[in-house]
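Participant: Mind looking over this structure? Questions follow.
Please treat every number below as a calculation from the coordinates, not as lab data. Because the structure is predicted, anything quoted here is derived from the model rather than measured. A quick note on method: Cβ atoms are made from the backbone with ideal geometry, for glycine too, and the neighbour counts reach across all protein chains shown.
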Amino acid sequence: MATSLKNLSSHTGKNITDISGKKFGVVVAEWNSEVTESLYAGALDTLLKHGAKRENIIKKLVPGSFELSLGAQWMAQHEEIDAVIVLGCVIQGDTRHFDFICDAVAYGITEVSLKYNKPAIFGVLTTNNQQQALDRAGGKHGNKGDEAAITAIKMLGF
Ligand code: DLZ
């Protein structure tokens, strides 16, 4: 089921309607860029739709998903950044590369979030093939970039 702001108050105990003063750092992996740029488009659209100002959404590219953790740290260490979103797409191959990258980024993003006491949202698709990824990046299963943005907004209202 797609995430929405409808249940915000039941998750957080308060309604967040004004994110116009909040600053978002969005880190996007260049690997599988057709997918990750669609995730970014979804996240951007959702943040703007909910009232974020365009100038308060800062996008940075990193080469691959493995680099998302450091990119997130570089964003989070800036005091004015309220929430970080990382967007990536890791596609299963014939080797164990997939597992190492997925584990590393999940761990890294958690660390950044706890170290800087800020939401760091995991918007990384981990799929068996490119079609599964495209289906979740504006295709038949929605856009996980939207969901990552909604999650960031929800966490800011906690
Ligand atoms: C090397 C690699 C491979 C095989 N697959 C992906 C992938 O599916 N998605 C992704 O975001 N990045 C991939 N990478 C690149 C790594 O994330 C990383 O950039 C390199 O290992 C250099 O640290």
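Participant: Got a sec to turn the phi values of region 79-90 into Karplus ³J(HN,Hα) couplings, 6.51 cos²θ - 1.76 cosθ + 1.60 with θ = phi - 60°, whole Hz, x for Gly and Pro?
Facilitator: So the Karplus estimates, Gly and Pro as x, are 4, 6, 7, 8, 8, 10, 10, 10, 10, x, 8, 10 Hz.
Participant: Report, by chain and number, residues whose modeled amide H sits under 5 Å from the one on ASN143, excluding near sequence neighbours (fewer than 5 apart, same chain).
Facilitator: It is GLY138, by chain and number.
Participant: Given 0.36 nm per residue, what is the gain on full extension from ASP45 to ASP94 after removing their alpha carbon distance, in nm?
Facilitator: 14.2 nm
Participant: For the chain, which DSSP H helices look membrane-span-like by this rule: Cα extent along the axis of 15 Å or more and mean Kyte-Doolittle of at least -1.0?
Facilitator: 33-49, 97-116, 144-156
Participant: What relative contact order, as a whole-number percentage, does the chain give when Cα pairs under 8 Å and 6 or more residues apart are counted?
Facilitator: The normalised contact order for the chain reaches 32 percent.
Participant: Identify which of GLY21, GLY88, GLY42 has the largest mean-square fluctuation in a Gaussian network model of the chain, with springs joining Cα atoms closer than 10 Å.
Facilitator: GLY21
Participant: Please list, by residue number, everything in region 71-104 whose backbone N is under 16 Å from a paramagnetic label point 7 Å out along Cα→Cβ of ASN129.
Facilitator: Counting backbone N atoms under 16 Å from the label point, the list is 91-94.
Participant: What residues qualify as long-range amide H neighbours of THR126, i.e. H under 5 Å apart, gap of 5 or more or another chain, H built at 1.01 Å from N?
Facilitator: Those qualifying (amide H under 5 Å, at least 5 residues apart or on another chain) are VAL90.
Participant: When a/c is below 1.5 the answer is rounded, else prolate if a/b is larger than b/c, else oblate, so apply that to region 20-156 with a ≥ b ≥ c taken from the square roots of the Cα gyration tensor eigenvalues. Write down the numbers at each step before the final one.
Facilitator: Values: a/c = 2.10, a/b = 1.29, b/c = 1.62.
Cα axes put region 20-156 in the oblate bin.
Participant: So, one more: Give the calculated FRET efficiency between LEU156 and LYS115 to the nearest 0.05, with a Förster radius of 22 Å applied to their Cβ-Cβ distance.
Facilitator: Once the sixth-power term is evaluated, E becomes 0.80.
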